[in-house]
Amino acid sequence: MQIEAWSDVICPWGYIGKRHLELALAEFEHADEVEVIWRAFELDPGAPTDSVADLASTLAAKYGTDRDGAIAMMDRVAAVAEGVGLHYRFDLAHRSNTFDAHRVIHLALDEGGAALQDAVKERRLAGYFTEGADLADRNVLVKLAAEAGLDAETVTGMLASDALATEVRADEAQAREYGISGVPFFLIPGAGGVSGAQPPDRLLLMLQRAWDKIGA
């Protein structure tokens, strides 16, 4: 059974949602027959590749609040993240363009399948939310990918070309076709789609319903 998941590597709820899905799969008796494929979605496609704006300033402008209001929002999300073992460092995070990051995630799928893609996705998320990694910096993208098991020279060569740009755009076009306006979004065959960092028990129920329906 294949699950498709749309999210961005700068989405705090996307990282929490990933953990929730993992918790659900840990309780699902057929988890070894489930494959999760990560699809691209850019929350801030207009972000420059050399941004120096910190996350608090970016969110304040986006939601029409002041810096204190943005920090309060981040604190609330960070508290939820702590509940699933994620220690967010929003003080280190900066506005980032993620198009190249999504290309690398696609490369990981091509090179090593869903398992390697998941490892690269995880390293991107951890880098951004816990280490302040600049995901628009190609050197950083190569480093993080190599740490997750993807060949550094392969990543460097891909980033120097336009490879996999079409695949990223295809993911985003599919998201628009499905009416996806927020992420994470999980599409489970036989159970439909669900948006947001849903609780693990709801995701587990969807997994069980899907398994029963498709008769896998």
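The table below lists the values:
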item	result
Label-zone membership for region 1-22, site Ile214, 7 angstrom Cα→C-beta point, backbone N under 14 Å	1-5
Total lysine pairs whose alpha carbons fall under 27 Å of each other in the chain (8 or more apart, or interchain)	6
Point-to-point label distance, Leu43-Ala31, nm (Cα→Cβ direction, 7 Å offset)	2.6 nm
Environment charge of Val140, counting only residues whose C-beta is closer than 13 Å and scoring Lys/Arg +1, Asp/Glu -1	-2
Most mobile listed residue (Arg123, Arg176, Arg103) in the chain, GNM with C-alpha springs under 10 Å	Arg176
Dipole magnitude of region 77-160, debye to nearest 20 (Cβ charges: Lys/Arg +1, Asp/Glu -1, about Cα centre)	200 debye
Stretch gain in nm, segment Glu82-Ala165, where the contour uses 0.36 nm per residue and the Cα spacing is subtracted	26.5 nm
Charge dipole magnitude, Cβ of K and R +1, D and E -1 - region 1-134, Cα centre, debye nearest 20	380 debye
Region 80-176: relative contact order in percent, alpha carbon pairs under 8 Å with at least 6 residues between	32 percent
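None of the figures in this text is laboratory data; all of them are computed from the coordinates on show. Everything numeric in this text was worked out from a predicted model, so none of it was measured. A quick note on method: Cβ atoms are made from the backbone with ideal geometry, for glycine too, and the neighbour counts reach across all protein chains shown.
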